[in-house]
Amino acid sequence: MTRMIVAGAQLGPIQKADSRGAVVVRMVALMEEAAAKGAEMIVYPELALTTFFPRWYMPDWHEVDSWFEQQMPNAATLPLFERARELGVAMTFGYAELTPDGHRFNTSILTNRKGEIVGKYRKVHLPGHDEYDTERAFQHLEKRYFEPGDLGFNVWRNEGVIMGMAICNDRRWPETYRCLGLQGVELVTIGYNTPAVNSQMSAEGLEKRLFHSDLSLQAGAYQNATFVVGVAKAGVEDGHPLIGGSIIVDPDGFVLARAETEEDELIVADCDFDKCAFGKSTIFDFARHRRIEHYGRITSQ
Ligand code: CDT
């Protein structure tokens, strides 16, 4: 029987001027709260160490690179890794990755309870645009600052649980969960930074954005018989509002825990991973019920 208390560590806003060190102090505080509640796994948001910098157009690539990490762990994040090892808490968090050969990715890593990195994911579905867009109320330049991830959707058996990662916009695509589901995933972790308003359509606001986030996470969980943890960076960053709404979802698609604020806030759920087996062996027994001869269009266009 595999049971684990899983925590989602929603972060409130990170301003442009906030240092990584200051953010890590906040992340450690949430980890200590999680450990006190018995959590063995903690999930932090996408780009957890900095403000959501893709909202800013930067012509100077030196400035761009100041938002990226060239090593993980590094001096700023080492205290987080050390505290994770001391507390025996596995974790996942997102950051902007600059590789030694100059590639930039929107990345997340997964550690075991010894603070060792066991998995890495690079965001596949990059939203937004790659040049300054005068038509938008604000920019979303992920396509300028990141390349599409080159690692695919993988899973790792970590601390007895089959875990997979995705990042923000990935949560809106059924293919994300299905690629992980086909590998037997039991826990999908997804950090996000989602603007509370649409930069191209003024009528869309917070309520609809929260609904679409829930809808995507709950459907992904149910249709793949897996737990899903979606964790926001929330609140107003330098005048730009991000949604909260972090949730932990069970394999039936029910929400087990939900963040109520747009601040640093911990949510926890006692996850019985044996609950994944029923869906995986009945209605979503992929080997018996999928009809792949009819799915060609999904990968051919
Ligand atoms: N970070 C991220 O992927 N955000 C997107 C915003 C889409 S609007 C360009 C999201 O899907 O939440």
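The values are calculated or read from the model by the stated rules, or taken from the named source; none is laboratory data. All values reported here derive from a predicted model rather than from experimental measurement. With ideal geometry, Cβ positions are generated from the backbone for all residues, glycine too; neighbour counts draw on all protein chains shown. All accessible areas refer to the heavy atoms of the entire protein, side chains included, with ligands and DNA or RNA removed. Shrake-Rupley method; radii C 1.70, N 1.55, O 1.52, S 1.80 Å.
Data table
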quantity	calculated
Hits in the range 6-38 (condition: within 18 Å of the chain's Cα centre (by Cα), of a type in the set (A, V, I, L, M) and farther than 14 Å from Phe81 by Cα)	Val6, Ala7, Ala9, Leu11, Ile14, Ala34
Of all residues making up the range 74-99, the number that are in contact with a helix residue (DSSP H, G or I) (Cβ under 7 Å, 6 or more places away or on another chain) and either open to solvent by 10 Å² or more (accessible area, probe 1.4 Å) or part of a helix (DSSP H, G or I) (or both)	7
Any chance Gln200 is surrounded by fewer than 19 Cβ atoms within 10 Å (Cβ to Cβ) and within 10 Å of the ligand (Cβ to nearest atom)	yes
Residue tally, condition surrounded by fewer than 24 Cβ atoms within 10 Å (Cβ to Cβ), out of contact with any helix residue (DSSP H, G or I) (no Cβ under 9 Å at 6 or more places or on another chain) and assigned to a strand (DSSP E or B), over the range 223-241	2
Filtered residue count, the range 175-197, keeping only those that are part of a helix (DSSP H, G or I) and within 15 Å of the chain's Cα centre (by Cα)	3
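Table: residues versus (1) more than 12 Å from the ligand (Cβ to nearest atom); (2) within 15 Å of the chain's Cα centre (by Cα); (3) at pLDDT 95 or above; (4) of a type in the set (A, V, I, L, M).
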{"site": "His212", "(1), (2), (3), (4)": "no, no, yes, no"}
{"site": "Gly220", "(1), (2), (3), (4)": "yes, yes, yes, no"}
{"site": "Gly230", "(1), (2), (3), (4)": "no, yes, yes, no"}
{"site": "Arg258", "(1), (2), (3), (4)": "yes, no, yes, no"}
